[in-house]
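Here the structure is laid out as structure tokens; the discussion comes afterwards.
No value in this document is a laboratory result; all are computed from the given coordinates. Keep in mind the model is a prediction, meaning the values are calculated, not measured. Positions of Cβ are backbone-derived with ideal geometry, glycine not excepted, and every protein chain shown enters the neighbour counts.
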Amino acid sequence: MRSKGLVPFFDSAYQGFASGSLDTDAKPSRMFVADRGECLVAQSYAKNMGLYGDRVGALSIVCKSADVAGRVKSQLKLVIRPMYSNPPIHGASIVAVILRDRNLFNEWTLELKAMADRITCSRDAWRLESHHKADRYMFTFTGLNPAQVSFMTKEYHINMTSDGRISMAGLSSKTVPHLADAIHIAVTKAV
Ligand SMILES: Cc1ncc(COP(=O)(O)O)c(C=O)c1O
């Protein structure tokens, strides 16, 4: 990316969920920050702090000099002012309290690891049932077509986007067999 003069922009919406560790998942963006080049990192705390409804995240832009940083900041203000002007403060205050307190931070990392492990269990169960390839994504495509998806919703009350995408976080090792059975019927009976 550097040799081609590209500007890296990280969309970090699930930090901690891939490996179970905040530090491991931050490695790619930290690698780019460490080489002292420019980069942008958009972080969301919606999933890893369970604050979806509070709209909380951060945009960090690493610049090569204070002069560039000043210009980037004034441009950002121009974008922000007509868009949302002032960000909601409630969720950000919760995140700030947790990040500033060593004990709360440690507690959060343990809880995050527990969530990541739970999703890994569901993913492993899903892999066994469905023979889908191993991946670490939060979402997975079932391969169902729109007719099969609507069959699943109508007959089994299993909801997903019409392109067949499901959220791994919405599954548990207990519900995976039910999903697999429903998919089996959908692909053999529905269009
Ligand atoms: C890859 C990715 N980026 C960004 C977002 C948006 O994050 P937020 O809800 O904090 O705006 C999401 C999920 O909603 C996402 O999946």
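Summary of values
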{"item": "Estimated [θ] at 222 nm from DSSP helical runs (n ≥ 4, -39500 (n - 2.57)) normalised by residues in the chain, nearest 500", "result": "-16000 deg cm²/dmol"}
{"item": "Hz values of 3J(HN,Hα) by residue in segment 114-121 - Karplus curve (6.51, -1.76, 1.60), Gly and Pro given as x", "result": "4, 5, 4, 5, 4, 5, 4, 4"}
{"item": "Computed over the chain, Kirkwood Rh from alpha-carbon pairs, angstrom", "result": "19.5"}
{"item": "Vicinal HN-Hα couplings computed from phi for segment 167-174 (Karplus, 6.51 cos²θ - 1.76 cosθ + 1.60; Hz; Gly/Pro x)", "result": "9, 5, 5, x, 9, 9, 4, 6"}
{"item": "Karplus (6.51, -1.76, 1.60) ³J(HN,Hα), θ = phi - 60°, over segment 71-82, in Hz, Gly and Pro reported as x", "result": "6, 4, 4, 5, 5, 4, 4, 5, 6, 5, 3, x"}
{"item": "Loop-located trypsin sites (Lys or Arg not before Pro) in segment 88-145, at most 16 other Cβ atoms within 10 Å (DSSP)", "result": "Lys133, Arg136"}
{"item": "Rg/Rh ratio calculated on Cα atoms of segment 4-107 (Kirkwood radius)", "result": "0.98"}
